[in-house]
Amino acid sequence: MRVRVVVVGAGIAGTALAAALAGSRHEVVVLEQAPGPSPVGAGLVLTPNAVRPLRRLGLGPALDRVAVPIAGRDVLRYDDDLLLGATPQDGAHAERYGAPNLALLRADLHAALLAAAGEGAVRGGRYVTDLLESSDGVTVRCADGRSAHGDVAIGADGANSLIRSLVNTERYRPARRVLYRGLAPAERAPALLREPRVRVWSGRDRYIAAYPVSAGRRVAFTATVPAGARDPDSWAVRGRVADLLSAFAGWSPTARALFSAAEWVGMWGVHDHGPVPVWSRGRVALLGDAAHPTLPFFAQPANQAVEDAVALAAHLREATSLEAGAALERYARRRRQRTDRLREVNEEILAAVRAGGDDSPEAWTRTAAKAEDAHGDWIYGHEAEDEGPGGVPGDAGR
């Protein structure tokens with residue numbers, strides 16, 4: 001008996017779930033408020049814990065065409081590019097974890113997931129306004145009067161999730177940080193940044209990371225600063241180069257030259273959500289940032305979304321419509337072990353820096369290196385599929 005799955009949100013988490021269930025007996029419909037594809041947008045780094053399952057879903061060739069295998073990560077002093085620490089991510093590192101780190105555009109990963117999900121899986125222009133649950137199914141209502149009916153509903157609608165608000169009572173928290181993401185043509189970017197490495201500059205309250213994407217044709221960057229008076233919309237504010245140059249006055253000439261070369265800059269607020277109390281209720285469950293907004297340590301936000309999708313698919317794959325609610329509950333219980341532990345590790349990093357009384361870039365570098373040594377195997381070596389019904393209880397939280 002097939003399970004009809006209605007997914008709200010066609011970001012990385014939602015499309016990854018559709019891709020993971022493609023070819024199964026289940027029917028998956030993904031509702032997305034945007035009428036069409038997002039702008040080219042930002043870059044991201046996939047770590048081995050996401051690359052391995054994506055390859056098993058058949059995305060390997062598509063990723064190889066657009067991604068840049070990352071040889072290592074370098075932490076540079078914020079003002080003069082002095083190398084403070086380097087972590088190799090090719091060679092023995094890639095062999096240890098069975099896959100490389102891959103840098104690519106979010107849009108390229110999204111396109112590969114959409115292709116794997118199959119034609120017609122995503123329905124654009126569906127702004128979801130409500131969800132009704134009964135003993136034998138769910139109905140998801142949209143602003144235009146259309147509805148989608150299924151056996152289960154999955155909220156993959158991001159950090160400001162409507163579906164999360166329907167199963168949790170929480171207060172909205174204003175943005176505490178502003179995140180800029182941008183792209184520059186490789187030929188206009190500093191030569192240092194065309195190399196297949198992630199370069200990181202860190203200060204006391206702000207941060208920059210840069211790496212090549214689009215098979216080396218572009219350089220992507222991320223920069224975070226404390227939030228100002230306004231809360232920027234996710235994709236509406238562009239052309240923020242002047243703001244970046246002002247926010248990072250006195251910083252690395254290399255990073256500033258990259259900002260100046262940018263052909264696109266997006267800007268939005270990063271909201272501080274604590275642990276989400278309820279991940280599943282009856283026939284409804286949460287996925288990705290809707291369930292667990294993730295701090296950027298270990299480059300895990302997108303990677304944990306992929307893990308969520310793979311783990312949920314493992315729980316749903318053998319379930320019937322009568323068993324689907326119980327499958328969601330098992331998924332939520334197992335995944336929380338891992339994402340709660342990841343949050344604890346991130347908080348341990350922050351606490352270690354504060355306890356030392358030194359929040360300099362050098363102190364951050366030392367603490368992050370120790371954390372990666374201690375937790376790398378647990379983070380990068382994890383198999384989300386093992387969280388399914390055949391997995392070992394408790395292994396997800398180690």
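The values are calculated or read from the model by the stated rules, or taken from the named source; none is laboratory data. Every value quoted in this text rests on a predicted model; they were computed, and no experiment measured them. All Cβ positions, even for glycine, are placed from backbone atoms using ideal geometry, and neighbour counts span all protein chains on display.
For beta carbons closer than 8 Å, sequence separation of 6+ or different chains, a first residue in the stretch 54-66 that is over 18 Å from Ala302 (Cβ atoms) and a second that is modelled with pLDDT of 95 or more, the qualifying pairs are Gly58/Ala116; Arg65/Ala215. State yes or no: is Val45 modelled with pLDDT of 95 or more and touching a Phe, Trp or Tyr at 6+ places or on another chain (Cβ under 8 Å)? It is true that Val45 is modelled with pLDDT of 95 or more and touching a Phe, Trp or Tyr at 6+ places or on another chain (Cβ under 8 Å).
Quick check on the stretch 303-326. Is at least one of its residues over 26 Å from Ile154 (Cα atoms), at pLDDT 75 or above, part of a helix (DSSP H, G or I) and out of contact with any Leu (no Cβ under 8 Å at 6 or more places or on another chain)? Checked the stretch 303-326: no residue is over 26 Å from Ile154 (Cα atoms), at pLDDT 75 or above, part of a helix (DSSP H, G or I) and out of contact with any Leu (no Cβ under 8 Å at 6 or more places or on another chain). For the stretch 65-80, taking the residues that are modelled with pLDDT of 95 or more and not in a strand (DSSP E or B), the one that is farthest from Arg199 (Cα to Cα) is identified as Arg65.
If I filter the stretch 24-40 for residues that are modelled with pLDDT of 95 or more, assigned to a strand (DSSP E or B) and either polar (S, T, N, Q) or in contact with a Ser or Thr (Cβ under 8 Å, 6 or more places away or on another chain) (or both), do I get at least one hit? Yes, there is a match, as at least one residue in the stretch 24-40 is modelled with pLDDT of 95 or more, assigned to a strand (DSSP E or B) and either polar (S, T, N, Q) or in contact with a Ser or Thr (Cβ under 8 Å, 6 or more places away or on another chain) (or both). Just so you know, in the stretch 238-280 the residues that are closer than 21 Å to Gly158 by Cα and not in a loop (DSSP other than H, G, I, E, B) include one that is modelled with the highest pLDDT, and it is Ser280.
Somewhere in the stretch 183-196, is a residue within 25 Å of the chain's Cα centre (by Cα) and of a type in the set (D, E, K, R)? Among the residues of the stretch 183-196, at least one is within 25 Å of the chain's Cα centre (by Cα) and of a type in the set (D, E, K, R), which makes the answer yes.
For the stretch 179-189, the criterion of being at pLDDT below 95, among the hydroxyl-bearing types (Ser, Thr, Tyr) and farther than 30 Å from Val8 by Cβ is satisfied by no residue at all.
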